């Protein structure tokens with residue numbers, strides 16, 4: 001029985017449902033014109049903490065795994081209810097980072113337009129926030145998310161090299177969005193600092209014209225983050241394979257790729 005429960009938890013929520021929910025949150029972020037720090041905090045709260053913890057809190061892993069959450073919002077966890085929790089993640093992130101947080105009325109109005117199967121009341125948002133906080137055990141710290149590390153690295157890079165002006169933050173954020181949507185790469189967010197460093201290198205390769213690849217980006221990233229160049233390169237390769245869909249770009253090309261990055 002415990003094996004079956006563990007299997008159910010590990011399979012949750014499934015690739016297609018996870019992709020749908022992350023696309024929903026990204027779409028909501030665009031509709032609300034969120035600042036990046038709010039958007040990526042919400043993504044971390046929802047995809048990095050809420051979704052992984054929900055099976056355990058619903059009792060999939062047995063009573064010994066922690067207190068079971070009881071609420072009509074998670075029994076059963078319908079798509080519309082999970083979309084509500086995605087908006088709640090945005091609401092929480094906005095209350096942390098915005099001087100004027102989003103109002104529940106504005107979130108309800110958006111939910112009425114983009115949640116297809118159900119209309120939620122303002123009190124449902126309040127109830128969902130309580131459930132959300134219980135599921136994540138009030139873990140809503142946002143000081144160690146990949147975006148913050150990435151923003152800091154980019155600022156430092158622009159201070160020491162004019163090539164930093166060619167590195168577009170929008171490209172960096174597009175990379176992060178794709179990695180969030182892709183289940184195979186979502187585990188990279190468990191190491192936000194190394195992911196930030198690797199995203200910067202990948203964005204450098206994508207944004208900076210090859211003829212101007214004169215800055216030793218990998219040695220600098222190693223110096224700035226203390227991460228091994230080979231480790232960073234493996235993550236960079238993974239990012240490029242998913243972002244650029246380079247099916248012909250295999251691991252045995254890594255050595256040549258590394259040389260080109262260091263030119």
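The values are calculated or read from the model by the stated rules, or taken from the named source; none is laboratory data. Source: prediction; values computed, not measured. Here the Cβ is made from the backbone with ideal geometry for all residues, glycine too, and neighbour counts use every protein chain on show.
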If we scan the stretch 206-219, do we find a residue that is surrounded by 19 or more Cβ atoms within 10 Å (Cβ to Cβ), modelled with pLDDT under 90 and either part of a helix (DSSP H, G or I) or not assigned by TED's automatic domain parsing to the domain that holds residue 150 (or both)? yes
Residue within the stretch 163-176 that is closer than 21 Å to residue 226 by Cα, modelled with pLDDT of 90 or more and surrounded by 18 or more Cβ atoms within 10 Å (Cβ to Cβ) present: yes
Suppose we filter the stretch 179-226 for residues that are over 15 Å from residue 164 (Cβ atoms) and over 21 Å from the mean Cα position of the chain (by Cα); how many remain? 7
The stretch 82-103: number of residues that are without any contact (Cβ under 8 Å) to a residue 40 or more places away in the chain and crowded, with 20+ Cβ neighbours inside 10 Å: 1
So, restricting to helices (runs of 4 or more DSSP H) that lie completely within the stretch 110-187, which ones have at least 1 residues that are without any contact (Cβ under 8 Å) to a residue 40 or more places away in the chain, farther than 22 Å from residue 44 by Cβ and in the same structural domain as residue 86 (by TED's automatic domain parsing)? 122-135
Quick test of your reading of the structure: residue 55 fulfils all but one of (1) more than 21 Å from residue 16 (Cα to Cα); (2) within 21 Å of the chain's Cα centre (by Cα); (3) in contact (Cβ under 8 Å) with a residue 24 or more places away in the chain. Name the failing condition by number. (1)
